[in-house]
1. Hey, among Glu45, Glu111, which residue is assigned by TED's automatic domain parsing to the domain that holds Glu186, acidic (Asp, Glu) and touching a residue at least 12 places away in the same chain (Cβ under 8 Å)?
2. Which residue out of Ala395, Ala389 is in contact with an Asp or Glu (Cβ under 9 Å, 6 or more places away or on another chain), buried (at least 18 other Cβ atoms within 10 Å of the Cβ) and at pLDDT 95 or above?
3. Arg239 fails exactly one of the following numbered conditions: (1) buried (at least 16 other Cβ atoms within 10 Å of the Cβ); (2) assigned by TED's automatic domain parsing to the domain that holds Met306; (3) closer than 28 Å to Tyr152 by Cβ. What is the number of that condition?
4. May I ask you to say which residue of Gly370, Gly332 is at pLDDT 95 or above, under 30 Å from the mean Cα position of the chain (by Cα), under 23 Å from Pro51 (Cα atoms) and not aromatic (Phe, Trp, Tyr)?
5. Given Tyr164, Tyr178, which one is assigned to a loop (DSSP other than H, G, I, E, B), hydroxyl-bearing (Ser, Thr, Tyr) and at pLDDT 95 or above?
6. Can you pull out every residue in segment 161-180 that is free of Cβ contacts under 8 Å to residues at least 24 places away in the same chain, farther than 16 Å from Ser202 by Cα and over 11 Å from the mean Cα position of the chain (by Cα)?
7. Working carefully through the options Arg354, Arg365, Arg297, find the one that is outside the structural domain of Gln55 (by TED's automatic domain parsing) and either part of a loop (DSSP other than H, G, I, E, B) or touching a His at 6+ places or on another chain (Cβ under 8 Å) (or both).
8. Considering each residue of segment 53-78, count those that are surrounded by 19 or more Cβ atoms within 10 Å (Cβ to Cβ) and modelled with pLDDT under 95, and give that number.
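The values are calculated or read from the model by the stated rules, or taken from the named source; none is laboratory data. Being a predicted model, the structure only gives us computed values, none of them experimental. Cβ sites come from the backbone with ideal geometry, for glycine too, and all protein chains shown count toward neighbours.
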Amino acid sequence: MNSNAVLSGIRVLDFGRYIAGPFCASLLADLGADVIRIEKLSGSEDRFLSPVTPQGDGALYMQMGRNKRGMTLNPMKPEGREVVRRLVATADVVVANLPPDTLKAMGLDYESLCQIRPDIILTLITAFGSGGPYSQRVGFDGLGQAMSGAMYMSGTPEQPTKSYAPFIDFCTASLSAYGTMAALYERQKTGRGQVVEASLFSTALTLMNGTTIEQDALAINRQATLNRSQTSAPADTFRTRDGWVLVQSVGGPLFERWVQLMGEPHWLEDPRFKDDISRGDHGEIISERLARWCAERTSAQVLEEMEAARLPAGPVMSLQDVLDDPHVAAAGLFQRVDYPGLQKPAPVMTPPVRLSETPAGIRQRAPTLGEHTDAILTELGYSETEIAALREARAV
């Protein structure tokens, strides 16, 4: 453990599942917290998504499990509840994205936690949050996309489209980590713990809020237009002679540079293109012009000319393109991490925010199932005989 890390000395119990809870804990672990990932005896479901090892451990788990210690535990057994009690007594934060009734059954509701450690912080992540008719519903990232307008505004009116990347999950995890850090700072000042509550639905509505404000104010009733922006132009994807590129332009100066590149300076006097929203309203015309220009060039030629004009553009890259990208390599964005059963080290993304004085980092690989169970139980005061009894009882 790095004693100079921001969260050195902070212990986090990660009861999370899938992405929102586990990645919140990953971000805290990157900053030096001692994060204990607690799984059921057979392993949590998220461990096995997109399996990449002979034992079935998954690709996403390689990312989520970094910098954590791992143990197995069944909190529904009486002996398991006692382990939970001892763990909580040593912890500063509990992260859980579990339904309220499950939390209570496991002894992880805030009231139960406070009886063990009064200044505990419970970071609670649910699908829809508390206080409304959806509070007890279960859900994944896709429901956040579907029910916030994000999916409606992607794809086409005939085919709403969900993003492949589970961005609602990852954003919820990031906001949960932000809230947890705020709660730790408050506890440092006052000695009080609290509940940090986040939800996939709240995150999704946050990401779509500008568009819903516009709808409320103007009742525009926007419809999806694939990749073409509706509030500025040129902003769209374009086929080249050998691939696809995305061009994204916002603001008058960029538009001025673009019309010079296209040889259409008279467009600067055209009232249809006088500002961003007007250009967005007439974006189909602008996209059609740029599409003809791109179709005559290779992707490399398009990007070279765009860069010379200082216009934001980039290639639509495959997953292998990403792995082979020179900027990714030069900036050290992936750290190759060994894992038992992998034929070669996994490219785990480094912490996405860099601190100059107290850098976060990947210190260790994700734990194998129950890898640190005995060591953690020993820290909690259990003897070898008691640990054997816990195993016999299927409590760990």
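1. Values: Glu111 fails: touching a residue at least 12 places away in the same chain (Cβ under 8 Å).
None of the other options fit; the residue is Glu45.
2. On the way: Ala389 fails: buried (at least 18 other Cβ atoms within 10 Å of the Cβ).
Only one candidate qualifies: Ala395.
3. Among (1) buried (at least 16 other Cβ atoms within 10 Å of the Cβ); (2) assigned by TED's automatic domain parsing to the domain that holds Met306; (3) closer than 28 Å to Tyr152 by Cβ, the lone unmet condition for Arg239 is (1).
4. Working: Gly332 fails: under 23 Å from Pro51 (Cα atoms).
Within the list Gly370, Gly332, the selection yields Gly370.
5. Details: Tyr178 fails: assigned to a loop (DSSP other than H, G, I, E, B).
Result: Tyr164 is the single residue among Tyr164, Tyr178 that is assigned to a loop (DSSP other than H, G, I, E, B), hydroxyl-bearing (Ser, Thr, Tyr) and at pLDDT 95 or above.
6. Going through segment 161-180, the residues free of Cβ contacts under 8 Å to residues at least 24 places away in the same chain turn out to be 162-165, 178.
Add one more test, that the residue is farther than 16 Å from Ser202 by Cα, and what stays is 162-165.
Hits for segment 161-180 are Lys162, Ser163, Tyr164.
7. On the way: Arg354 fails: outside the structural domain of Gln55 (by TED's automatic domain parsing); Arg365 fails: outside the structural domain of Gln55 (by TED's automatic domain parsing).
So the residue among Arg354, Arg365, Arg297 that is outside the structural domain of Gln55 (by TED's automatic domain parsing) and either part of a loop (DSSP other than H, G, I, E, B) or touching a His at 6+ places or on another chain (Cβ under 8 Å) (or both) is Arg297.
8. Number of matching residues: 1.
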